[in-house]
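Heads up, the thing below is written out as structure tokens.
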Amino acid sequence: MNRLDGKVAVITGGAGGIGKAAGKLFVAGGADVLLVDLDEQALKAACQEIGSNKVSYCVADVTIAADNHVMISTATERYGGVDVFLANAGIEGDVASIVDYDERRFDQVMAVNVKGPFLGLKAAIPAIDKRGGGSIIITSSVAGVGGGPNVAPYVTSKHAVIGMMRSAAKECAPMNIRVNTVNPSPVETRMMRSLEEGIAPGQPEIAREQLRSRIPLGRYAEPEDIARIMLFLASDDSAFVTGSVYMADGGSTA
Ligand SMILES: NC(=O)c1ccc[n+]([C@@H]2O[C@H](COP(=O)([O-])OP(=O)(O)OC[C@H]3O[C@@H](n4cnc5c(N)ncnc54)[C@H](O)[C@@H]3O)[C@@H](O)[C@H]2O)c1
């Protein structure tokens, strides 16, 4: 039997690198999957790439409460309920010192990376409760457990969701809803290309090599490396795991 047979999963940031990889593995594991993101064309392309009648999409902005309710009601109407919620949409913000950082950009990073998961949890918890329990996974980062220069708002946001997860894990345990974070080090997605360019403008390969050299396993993660941990946390294989911070960092924080 597949690990996610009969389960329904909602994945935000589903058109992005990690979200799409998780969608692919969840579908392969037997789940019905709703990918949620901002851009319809990107979502269509992600669904085509996954290439299954068990995946579909919903355009929604995670910073808007009503959109979060629409994504959960869409999954419920289309697939009969929600068992797994992966709060994964995120933005990196700018690469700039605290002194130089644009205040509105700070608000935007917080809106997507912190308020987004909060609104997602608000909408998803009652739906998962109706199924008698399930799993919520929030994508944090190595930036959720340590600081770094010139990315303070991103680091702040990824620390914040660990606190949110820990509170949610205690609040949701009586409903048999487990809540955990996955915390990747650099992953081969658009986000790292953007950060590399921000760290070393015009010479992103220098930033890449610096970042890579700090990872004991000697490489960036592939999106599938991260998605496999998400699959474990989504499935009943992790039935006794809640409130946990899952480092997926090639030994970076060891
Ligand atoms: N790539 C990395 O190295 C890395 C490392 C640690 C953590 N993460 C985290 O992993 C998650 C996924 O990132 P990724 O690497 O796949 O990047 P990505 O840019 O490929 O994917 C992020 C997705 O989120 C979507 N998104 C942004 N704002 C949104 C909004 N308001 N509403 C709905 N969707 C929105 C984007 O459109 C994009 O498709 C993020 O939370 C990111 O912070 C990434």
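Per-structure values
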| quantity | calculated |
| --- | --- |
| Potential extension, residue 171-residue 122 segment - 0.36 nm per residue separation minus Cα distance | 16.4 nm |
| Expected-Rg normalisation [2.2 N^0.38 Å, Cα atoms] applied to the chain | 0.96 |
| Spatial separation of Cα centroids for the stretch 64-97 and the stretch 167-219, in angstrom | 19 Å |
| Segments 192-205, 23-36 sorted - mean Cβ within 10 Å per residue, highest first | 23-36, 192-205 |
| HN-Hα J in Hz across the stretch 136-143 - Karplus 6.51, -1.76, 1.60, θ = phi - 60°, x for Gly and Pro | 10, 10, 10, 7, 9, 5, 4, 5 |
| Nearest-ten-degree value, helix 17-28 long axis tilted from longest Cα axis of the chain | 30 degrees |
| Kirkwood-based Rg to Rh ratio, the stretch 207-252, C-alpha trace | 1.09 |
| ³J(HN,Hα) computed for each position of the stretch 222-238 - Karplus, 6.51 cos²θ - 1.76 cosθ + 1.60, integer Hz, glycine/proline x | 7, x, 5, 4, 6, 4, 5, 5, 5, 4, 4, 5, 6, 8, 6, 4, 9 |
| Using a Förster distance of 30 Å, the FRET efficiency for residue 52-residue 188 (Cβ separation, nearest 0.05) | 0.85 |
| Residues of the stretch 229-250 with amide N under 17 Å of the 7 Å Cα→Cβ point at residue 2 | 229-237 |
| Residue-by-residue Karplus 3J(HN,Hα) for the stretch 105-117, coefficients 6.51, -1.76, 1.60, Hz, glycine and proline x | 5, 4, 4, 5, 4, 5, 5, 6, 7, 10, 5, x, x |
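No value in this document is a laboratory result; all are computed from the given coordinates. Keep in mind it's a predicted model, so treat the numbers as computed, not measured. So basically every Cβ, Gly included, is an ideal-geometry build from the backbone, and we count neighbours across all protein chains shown.
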